[in-house]
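See structure below.
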Amino acid sequence: MDGQSPQRRHLFIISAPSGGGKTTVCRAVLDRFADMLYSVSYTTRKPRSGEREGVDYHFIDRDEFEAGIANRRWAEWAEVHGHYYGTSAAFLDQGLAAGRDILLDIDVQGTRQILSRYPDSVTVFLRPPSLEVLKMRLESRGTDSPQTIAVRLENAKEEMASQNIYQYSLVNDRLPDTIAALLGIIAKHRGGQKPLATQGP
Ligand code: 5GP
């Protein structure tokens with residue numbers, strides 16, 4: 001262990017350039033740790049097909065978002081790919097006060113802000129094997145225009161340059177391996193979920 005108290009509640013932050021299968025990874029974490037909450041972000045971008053209000057995001061307009069900035073509604077917020085994204089401060093504080101761990105899927109800018117407010121957060125960066133692979137993944141997803149893909153690739157380059165602020169950086173090559181590694185990291189930090197051989201007395 002690394003000195004973290006097993007009882008301590010944590011924020012677990014996952015960041016990855018888009019197209020890295022992050023949704024699948026987050027779902028696997030929530031399936032494995034059923035008592036963990038997911039921080040559903042607020043965004044001003046339009047829903048993609050299949051995305052559900054309140055599940056994938058809370059979709060709000062720019063006026064509401066900007067009012068939230070003025071009212072300190074966001075624990076962190078950022079403008080990503082031309083849209084606002086933010087995390088509800090009330091949701092995090094109420095979840096932690098209720099003794100729950102919380103999973104966040106946010107970008108590098110948001111991670112910096114959360115770390116300054118909640119320094120005990122556990123941070124994991126999922127990086128693509130290469131930018132070429134990321135480009136292929138974005139293209140095969142078929143949801144974004146070539147211009148959007150170009151913006152997302154530029155953003156990915158910047159994010160990868162900041163990955164040193166994360167405690168863990170995992171190459172996201174085969175999804176099952178990525179998920180297994182991530183579940184191991186989370187189990188370690190939550191405590192009480194160690195392999196049988198190390199459990200006492
Ligand atoms: P997408 O639009 O593809 O769902 O997400 C675009 C990017 O925004 C991803 O890198 C995602 O991690 C990030 N993101 C999603 N929600 C939040 C949030 O609440 N805050 C911040 N800072 N980034 C977010």
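The values are calculated or read from the model by the stated rules, or taken from the named source; none is laboratory data. Quick caveat, the model's predicted, so the values are computed rather than measured. Here the Cβ positions follow ideal geometry from the backbone for every residue, glycine too, while neighbour counts run over all protein chains shown.
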* Residue in the stretch 29-40 that is nearest to the ligand (Cβ to nearest atom), counting only those that are over 23 Å from ARG141 (Cβ atoms) and among the hydrophobic types (A, V, I, L, M, F, W, C) -> LEU37
* Structure fact -> Scanning the stretch 19-50 residue by residue, those assigned to a loop (DSSP other than H, G, I, E, B) and of a type in the set (S, T, N, Q) turn out to be SER39, SER41, THR44, SER49
* To do: Mind listing whichever residues of the stretch 51-108 are surrounded by 14 or more Cβ atoms within 10 Å (Cβ to Cβ), among the β-branched types (Val, Ile, Thr), more than 9 Å from the ligand (Cβ to nearest atom) and not in a loop (DSSP other than H, G, I, E, B)?
  => ILE102
* Could you give every pair whose Cβ atoms fall below 7 Å, whose first residue belongs to the stretch 1-18 and is within 16 Å of LEU183 (Cα to Cα) and modelled with pLDDT under 85, and whose second residue is within 16 Å of the ligand (Cβ to nearest atom) and not in a loop (DSSP other than H, G, I, E, B), counting only separations of at least 6 or pairs across chains? -> none
* Would you please list the contacts, defined by Cβ atoms under 6 Å and residues six or more apart or on different chains, that run from a residue in the stretch 41-57 that is closer than 15 Å to THR143 by Cβ to a residue that is polar (S, T, N, Q) and near the ligand (Cβ under 10 Å from one of its atoms)? => ARG48/THR143; TYR57/SER41; TYR57/THR43
* Which of the residues belonging to the stretch 47-88 are over 20 Å from the mean Cα position of the chain (by Cα) and under 21 Å from ILE149 (Cα atoms)? -> SER49
* Tally the residues that are of a type in the set (A, V, I, L, M, F, W, C) and within 16 Å of VAL40 (Cβ to Cβ), restricting the search to the stretch 99-123. => 5
* Structure fact -> Checked SER130, SER121 against criteria (modelled with pLDDT of 95 or more, more than 20 Å from THR23 (Cβ to Cβ) and polar (S, T, N, Q)); the one match is SER121
* Close pairs from the stretch 79-98: first within 19 Å of ALA67 (Cβ to Cβ), partner modelled with pLDDT under 95 and buried (at least 17 other Cβ atoms within 10 Å of the Cβ), Cβ under 8 Å, at least 6 apart -> TYR85/ASP107
* Structure fact -> When every residue in the stretch 124-156 that is closer than 28 Å to LYS46 by Cβ and hydroxyl-bearing (Ser, Thr, Tyr) is compared, the one surrounded by the most Cβ atoms within 10 Å (Cβ to Cβ) is THR148
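Mind listing whichever residues of the stretch 122-142 are closer than 18 Å to ILE13 by Cα and within 13 Å of the ligand (Cβ to nearest atom)?
Of the stretch 122-142, the ones closer than 18 Å to ILE13 by Cα are 122-128.
The answer is THR123, VAL124, PHE125, LEU126, ARG127, PRO128.
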